1. Ignoring ligands, DNA and RNA, what accessible area per residue does the chain give at 1.4 Å, in Å²?
2. Provide the gained length on full extension for the span ARG227 to ALA398, in nm with one decimal, where the gain is 0.36 nm per separating residue minus the Cα-Cα distance.
3. How large is the helix-only mean residue ellipticity at 222 nm for the chain, computed as the sum of -39500 (n - 2.57) over DSSP H runs with n ≥ 4, divided by its residue count, in deg cm²/dmol to the nearest 500?
4. Which FRET efficiency, nearest 0.05, do SER234 and ALA67 yield, Cβ-Cβ r, R0 60 Å?
5. Of the heavy-atom accessible surface of the range 117-182 (probe 1.4 angstrom), what whole percent is carbon and sulfur?
6. Would you work out which of HIS207, THR244, PRO259 lies farthest towards the positive end of the dipole of the range 202-273, given +1 charges on the beta-carbon of Lys and Arg and -1 on that of Asp and Glu, about the Cα centre?
7. Quick one: Cα centre-to-centre distance for the range 69-116 and the range 18-65, in angstrom?
8. Would you list which aspartates and glutamates come within 14 Å of LYS315, measuring only between C-alpha atoms, while excluding same-chain residues fewer than 8 positions from it?
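The values are calculated or read from the model by the stated rules, or taken from the named source; none is laboratory data. Being a predicted model, the structure only gives us computed values, none of them experimental. Here the Cβ positions follow ideal geometry from the backbone for every residue, glycine too, while neighbour counts run over all protein chains shown. The accessibility values were calculated without ligands, DNA or RNA, using every heavy atom of the protein model including side chains. Shrake-Rupley method; radii C 1.70, N 1.55, O 1.52, S 1.80 Å.
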Amino acid sequence: MRTETPRRDAGVPDHEGRLGSRTLSTGQMRAIADAYLRCAGVSRVNDVTDIDRVGIPVYTSVRPNAAAGLNTMTSGKGLTPDAAWVSAAMEAVERRFCEPRPCDRVGSYQQLAEQELVLDPRKLNLRRGHRWSPSSELSWCRMTELSSGAEVLVPAAALFTPYEDGLSMFTSNTIGLASGASTEEALLHGLYEVLEHDATAFGEVGHVGHAVARDSLPGPVADLVDRFERADVSAQLYHFPGRTGLPTFYATIRDELVPDPLLINGGAGCDADPQTAALRALCEAAQSRLIVIAGSREDLDQESYRRQLSYRAAKERLELWSGNWPSVDFGDIPGLPAGTVADQLRETLGRMRAAGLPLVLARIMTAPQDPLSVVRVVVPGIEYTHLDKRRCGTAMSALLNGEAAA
């Protein structure tokens, strides 16, 4: 895989409002994103912040010709309007690069494994009731295994979205899709997103984690919680250590004035820096809430079951889930050692190996001449039970059966 040495490898200042370990300023990334909008088919990027009374910056991007099955509208968040604009624009650009393309091979696992390296689909935690077998014909794409550099065939549904394999192995998604000023930066953020979901699965479903003490929050995080509470929206942060111990937070928010079950929302964030991860979780919760208010995403009908709940029932469900968590002070949550993007990538991969997640597959979705990298990361063994209860791997099954801890 190609790698580049990005400028300003020490990262951008916190005051620019970007949520993560980045090497270019918000202004530089905005210029790059702006140049991509036309080729990505993005017709406009809108500021929707003022639709909600909370006031945390949220923008939406509109891509009318998105592949069938993808939302034509995506969204982004940040601590400043410019950061939220970049987030929304890059979300649309990333999804454009992840739409289906011609695959590298077609055949069965049984057949292809005799000829080259092929990922056993069972390592992707297939859904209960799937129709796949080693003799089933699938489309496959090549990805690079990071530790060895070897090319490995992976089911196309794990790389592209939307993609239907016809065998109900799993639902394609964009988890692990990320962009950056360099391949290393995109890889790092793709891994952060994958590990965020893994930790959230153990936290949401397995109840592995802590409630973060409100009076222990550092200034910027406390300020964001105060912003919710001044708008009569209650907020609570949880720490989900997951299997790697990377700082991962989950935020729950609940509207205290409007009795709508869809205004009970959540958001998650993972980063080397605990404060950045917590801010991302809170901003994502605000984004989730605002998109419900705007009512502009096609997939909101997937939440229709929540409309059938009374606000009281939804509130009671949240209170039942949020009760009896052990408490932790924010200052007691360790982060990764400070360092460059390359340092953080090495540390993250090391933690994954130690946690029993040694296989990391990646594919660069952009062309070598492009001024940014979009990368898709696939990590066999990651849990998705919080999104699909039928997709439960051995690690989660062991936890739920009382055989092991995350």
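1. Using a 1.4 Å probe on heavy atoms only, each residue of the chain averages 42 Å².
2. Values: separation 171, 0.36 × 171 = 61.56 nm, distance 3.97 nm.
Full-extension gain reported as 57.6 nm.
3. Computed ellipticity for the chain at 222 nm equals -10000 deg cm²/dmol.
4. With R0 = 60 Å, the Cβ-Cβ based efficiency is 0.95.
5. 45 percent
6. Farthest along the dipole direction, towards plus: THR244.
7. Centre-to-centre distance over Cα atoms comes out at 16 Å.
8. ASP255, GLU256, ASP260
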